[in-house]
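I have placed the structure first, in the form of structure tokens, so that the comments after it can refer back to it.
The values are calculated or read from the model by the stated rules, or taken from the named source; none is laboratory data. All figures in this text were calculated on a predicted structure; none of them were measured in a lab. The area values use the complete protein model at the heavy-atom level, side chains included, leaving out ligands, DNA and RNA. Shrake-Rupley method; radii C 1.70, N 1.55, O 1.52, S 1.80 Å.
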Amino acid sequence: MKKILLTSFMLLFMIPSTTYGESLVNAKCPPTENLQKPNIKDKDELISALNDIIPKIYGTDLNHKEWRIEKIQPAASLTGFEKHYFGIAVTFCGKEVANHSWFVRLIFPNASSCQCCNWRTLHC
């Protein structure tokens, strides 16, 4: 799982912004030889890693200082509308990477009062 956390963070946000999306401009897909299939046993390690990842993405912005996980699961197991996020991962990094990715939906309660503005989707 540590290899995943170190090498395979592919971040795709539902509503990218020029302020927070700039750090993703040079994002690269991870090499497939370093990937491991998402395992529910690794979920706690991913949750712990998010405590480091989220501040790196959003910096010191107070609107994004407080967050909570609404959903976390292997991207390949998504259903319904969320299945499109798996398709996005396939489009940008290929099926091999998508099959080894996690889907994480975060809520930022201080970001805005409207739901469309205060939750983001993160693919790891």
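State the number of residues belonging to region 73-102 that are among the aliphatic types (A, V, I, L, M) and open to solvent by 20 Å² or more (accessible area, probe 1.4 Å). Spell out how you get there, then give the answer.
Looking only at region 73-102, we keep the residues that are among the aliphatic types (A, V, I, L, M), and these are 75-76, 78, 88-90, 97-98.
Filter once more, keeping what is open to solvent by 20 Å² or more (accessible area, probe 1.4 Å): 76, 88, 90.
Result for region 73-102: 3.
Counting only residues that are outside any helix (DSSP H, G or I), within 14 Å of the chain's Cα centre (by Cα) and of a type in the set (D, E, K, R), which one in region 57-105 is nearest to LYS41 (Cα to Cα)?
LYS71
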